[in-house]
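Each remark here refers to the structure printed beneath this line.
Each value in this text was obtained by applying a stated rule to the coordinates, not by laboratory testing. Fair warning: this is a prediction, and the values are worked out from it, not measured in the lab. Using ideal geometry, Cβ is built from the backbone for each residue, glycine included, and neighbour counts are taken over all protein chains shown.
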C-alpha cells in the first residue's frame, strides 16, 4: 500500500511556513508516494449543514475528484497559527484510524486524540497555553460525543464533570 503525503504549499522548503490560510509543510521522503496540491480546499469536500453520523467525518478527502483510500500523514500550519499533525488511515475519503496532535506556535501540545474504526476514540485531551489541562474527554465507538468529560480552569481546578458512559452504552446496545 502506498503511503501518501499531502503537501499544500506555494513553495516547498524546510522552513516552517505560517500563512493566512491552512498550509501543509514537511520533509518529502519519497517523491513517488507524494501528492502535491496547491490548496487544502482542493482535496476536501465538506458539508457542515447536513447531519453525518460521525462528527469528525463532515469532510472527505478527494484526490483528482476520487475519494482517497490509503495512509495519510501531514503536518499543517493552521490559519490560527497552530501546527496540526495527523497520522492515520483514510478509507473512501473518511478518517478510519489515526492520531491527531495540535501544537501552539511555541511548540506546546494543546490537543491530542485518536480515531478508531471511523470514530473519535479513547481519551482526547486539550491544554491551555500555560500547559494546564483544559479538558479531558473520553470517546467510545458508536458515540459521536464524549461519554465522560472533565473541564478545568487555567489554574487546574475542576469546573465541570459529566459521566454518561453507562447511559450511552445502553442506548447503543438497544439501537442494535
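Brief remarks on what is shown
- Modelled spin-label separation between residue 45 and residue 125, with each label point placed 7 Å from Cα along the Cα-to-Cβ direction: 3.8 nm.
- Note on residue 104 and residue 92: their simple-model spin labels are 4.1 nm apart, each label 7 Å out from Cα toward Cβ.
- Sequence of 71, 170, 120 once ranked by neighbouring C-beta atoms within 10 Å, starting from the fewest: 170, 71, 120
- One decimal place: the segment residue 62-residue 80 gains 4.1 nm when fully extended, by the rule 0.36 nm per residue minus the C-alpha distance.
- The distance between label points at residue 145 and residue 157 comes to 2.7 nm (points 7 Å beyond Cα on the Cα→Cβ vector).
- In percent, rounded to a whole number, the relative contact order of region 63-176 is 13, using alpha-carbon pairs under 8 Å and six or more apart.
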